[in-house]
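To start, the structure under review is shown below, and the notes come after it.
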Amino acid sequence: MKAIVVHAFGGPKVLQLEEVPDLQPGPTQVLIRNRAAGVNPADTYMRTGNYARKPELPYTPGMDGAGVVERIGANVKRARVGDRVYVVMPATGTYAEQFLCEESGVYPLPEHVSFSEGAAVSVAYGTAFRALFHKGQARGGETVFIHGASGGVGIATVQLARAAGLRVIGTASTDQGKKLVEHEGAHQILDHSSSDYLDQAMALTGGRGMDVIIEMLANVNLGKDLTILAHAGRLVIVGSRGTVEINPRDAMGREAVIHGMTLWGTSPADMASIHAAVGAGLENKSLRPVVGREFPLSEAAQAHEAVMKSGAYGKIVLLP
């Protein structure tokens, strides 16, 4: 089979398309013929070798994938050959024509959801659900501020929040991104490139502030976010690309809670709970993954460059 292989940490050019041996499932594993692989910012961080999770070289990247079950291990009970599925925490990288996943991480993909959309589910919706509900403790009737709402995690958060009865305020910096955030259900959309967007945000709450903030770029926004939290507000850091200086008094006076999170810290029980809810949302169409761009597998390097550019719009997907 063909797969992207990384032999040395570095820039996008280390992503090499190679011919590698076909995979064989273990007793509790499922072998999936890949139809689409999601590209995440975390993939690019791991590729550089400067991320908390440092893969052993050589490795095939990819944490998001959707396809068709091709073979199953001897002890697999639920999955069947021919099933359409998406995966959570696969055992091998998804930037390949095949990948393996433990049966516990294999979930059905409804017929109306395309494989590209299926590749936009696991990391984006898992992160959004955990940030919004497990960490942010968001409840119906509260106001959530989604900073960078037009990307994969942002759109997932908008949809989940609306389905749960929250008031949603999202930010984006391009006309295309703002239209997408509005289309997916945000009540108000602000341009975070505007100098007074935080004043606008506070005005939208009558000066009360945000109950929950979901932050995608903490190194730029964290200090400012703290100034628009409501009393006892919760701020969840989903992404950051560097250091930041904050004034602790902005958190103290509000008795605010700041949560950091990674998807890797999710317990198996919590992960199963997340995807029970996400699966139901896919089935009833309240959750609708948005694919921004598709690249052939051979252009993985270009996909890694695209996912790090500003003006995010949906999910970037590789097609094997």
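The values are calculated or read from the model by the stated rules, or taken from the named source; none is laboratory data. Because the structure is a prediction, the values reported are computed rather than measured. A quick note on method: Cβ atoms are made from the backbone with ideal geometry, for glycine too, and the neighbour counts reach across all protein chains shown.
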Within the stretch 3-46, take every residue that is touching a strand residue (DSSP E or B) at 6+ places or on another chain (Cβ under 6 Å) and among the basic types (Lys, Arg) and give me the one that is surrounded by the fewest Cβ atoms within 10 Å (Cβ to Cβ). ARG33
Is one or more of the residues making up the stretch 90-112 touching a helix residue (DSSP H, G or I) at 6+ places or on another chain (Cβ under 7 Å), touching a residue at least 60 places away in the same chain (Cβ under 8 Å) and closer than 17 Å to ASP43 by Cα? yes
Report whether or not GLU70 is closer than 16 Å to GLY281 by Cβ, of a type outside the set (S, T, N, Q) and either assigned to a loop (DSSP other than H, G, I, E, B) or at pLDDT 95 or above (or both). no
Kindly establish whether ALA128 is part of a loop (DSSP other than H, G, I, E, B) and either in contact with a strand residue (DSSP E or B) (Cβ under 7 Å, 6 or more places away or on another chain) or touching a residue at least 40 places away in the same chain (Cβ under 8 Å) (or both). no
Which residues, counting only those in the stretch 268-301, are touching a strand residue (DSSP E or B) at 6+ places or on another chain (Cβ under 6 Å) and more than 14 Å from GLN159 (Cα to Cα)? HIS275, VAL291, GLY292, ARG293, GLU294, PHE295, PRO296, LEU297, SER298, ALA300
On the basis of being more than 26 Å from ALA312 (Cα to Cα), of a type in the set (A, V, I, L, M), touching a Phe, Trp or Tyr at 6+ places or on another chain (Cβ under 9 Å) and surrounded by fewer than 15 Cβ atoms within 10 Å (Cβ to Cβ), does LEU57 make the cut? yes
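Quick grid of which residues meet (1) assigned by TED's automatic domain parsing to the domain that holds LEU180; (2) among the hydrophobic types (A, V, I, L, M, F, W, C); (3) loosely packed, with under 13 Cβ neighbours inside 10 Å; (4) not in a helix (DSSP H, G or I):
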| site | (1), (2), (3), (4) |
| --- | --- |
| GLU255 | yes, no, yes, yes |
| ALA269 | no, yes, yes, no |
| GLY279 | no, no, no, no |
| GLU294 | no, no, no, yes |
Verdict on ALA96 being in contact with a Pro (Cβ under 8 Å, 6 or more places away or on another chain), at pLDDT 95 or above, over 25 Å from ALA269 (Cα atoms) and of a type in the set (Gly, Ala, Ser): yes
Is it the case that GLU117 is out of contact with any Gly (no Cβ under 8 Å at 6 or more places or on another chain), in the same structural domain as LEU15 (by TED's automatic domain parsing), farther than 21 Å from SER273 by Cβ and not aromatic (Phe, Trp, Tyr)? yes
How do the pairs read when you match residues in the stretch 9-24 that are modelled with pLDDT of 95 or more with residues anywhere that are loosely packed, with under 15 Cβ neighbours inside 10 Å and acidic (Asp, Glu), using Cβ under 8 Å and keeping only pairs 6 or more apart or on different chains? PRO12/GLU305
Within the stretch 85-100, track down each residue that is of a type in the set (S, T, N, Q) and part of a loop (DSSP other than H, G, I, E, B). THR92, THR94
